[in-house]
1. Of the labelled options (i) 173; (ii) 127; (iii) 244, which one gives volume of the Cα convex hull per residue in Å³ as computed for this structure?
2. Could the peptides 69-80, 4-15 be put in order, highest first, of the mean number of other beta-carbon atoms found within 10 Å of their residues?
3. Answer with one residue from Cys117, Tyr143, Pro198: the one whose Cα lies farthest towards the positive end of the charge dipole of the chain, charges on Cβ with Lys, Arg +1 and Asp, Glu -1.
4. On full extension of the chain, what length is gained from Asp104 through Asp30, given 0.36 nm per residue of separation minus the C-alpha to C-alpha distance?
5. Could you pull out the chymotrypsin sites (Phe, Trp or Tyr not before Pro) across region 207-262 that fall in loop regions by DSSP (anything but H, G, I, E, B) with no more than 11 other Cβ atoms inside 10 Å?
6. Listed highest first by mean packing, meaning other Cβ atoms within 10 Å per residue, what order do 176-185, 119-128 come in?
7. Within 10 Å, count the other beta carbons around each residue, average over each peptide in 194-206, 231-243, and list them highest first.
8. Take the alpha carbon atoms of region 3-60, find their center, do the same for region 199-224, and report the distance between the two centers in whole angstrom.
Amino acid sequence: MATNSFPLVRGRTMRVTKTDGCCAPAYGPDNMIVTDGFVSVALTANINTPDEIVITNANGKTCVRDAGCPEFQGYGVEITFCEVSPCLFSIVTGQPTVLDVNGDVVGFRMNSSVSVCDSGFALEVWMGVPGVACTGDQGGFGYLLLPCLQGGVIGDFTIENAAITFTVTGANTKAGNGWGTGPYEVVDDGTGTAAYLPNPLDPDDHLYVSFTTIPPPEETDGCVELEAPPLVPATTAVAGTPGHWQPSGSTPPADAAAATLAAITAQPVTAWTVNQYVQGTTSGTAGQMHWNGTAWVAGAATGTAVMEAAATSGGAGKAPRSTE
């Protein structure tokens, strides 16, 4: 399996998407904005450092030492903006906007009765990739995704004889995102066509970073409607560690049993090799499955094809359909 390395410089574009109570994209009007009006995005890792256990013997020498294992708990995020975008601030803080007599958004408020825990957002940032050979008309980009953020507030700012910047602080990533493959086409499907993420995010993913040849979206005029992508069921599973589903952005089956009922085609049609699998919509190992050469089997491949009587029909590379 090839590994591509790439440098990252400068922030190019940002997209902020409102999320629902399950940290999934919230489809509807004014729930998405694309802007380049930001100065910086700072991530600080939240790490739970355990107490070190040290016991010395009667001679003063260490006889027991256990440093413990640091526990990653997410990122704290601080975003500094160089322009005022009231609807964006409303998405990231949950605070109300200010409307003029025509109903247009012209400002924002900070109200102490608003709970920052009742709203959430996802953040995407595109970065430059210097010194990498172009693979398309637009070159390459670094893509960063924080799929589940909560708790943003407008922090300290100073009005003086200088540019005024506003900073959103206090936001933290959370586990349990429902981003899936996302509502946007941000990666290349292998043919130069923009596509959704090849695999749904794990619910415990706090950060996703990748190289892409798909350019960032155009800046929007304020907040715009977030439209739900069409629901297309997956038809093919391609082996990998993990593998991915086709067509790109399609909805996978829940697990091996659902893949059998849907007659998902396997690539390759021969038994998958050690540790290869695809992830269904069921989270964790319960949603993992592989093709053993004749049937869909739960979990990652172990290298030994398990022949099952139920898989004696259905055609090469396809799971048999239920006859009930």
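1. (iii)
2. 69-80, 4-15
3. Projecting each Cα onto the dipole axis, the largest value belongs to Pro198.
4. Details: separation 74, 0.36 × 74 = 26.64 nm, distance 1.18 nm.
Full extension from Asp104 to Asp30 adds 25.5 nm.
5. Passing both the DSSP loop test and the Cβ count: no residue.
6. The peptides rank, most packed first, as 119-128, 176-185.
7. Values: 194-206: 18.8, 231-243: 16.9.
With the highest mean Cβ count within 10 Å placed first, the list reads 194-206, 231-243.
8. Centre-to-centre (Cα) distance: 13 Å.
Any read-out appearing in this document is the output of simple, stated calculations on the displayed coordinates, not a laboratory observation. Computed from a predicted model, the values in this text were never measured in an experiment. Cβ coordinates were reconstructed from backbone atoms using ideal geometry, including for glycine residues, and neighbour counts include every protein chain displayed.
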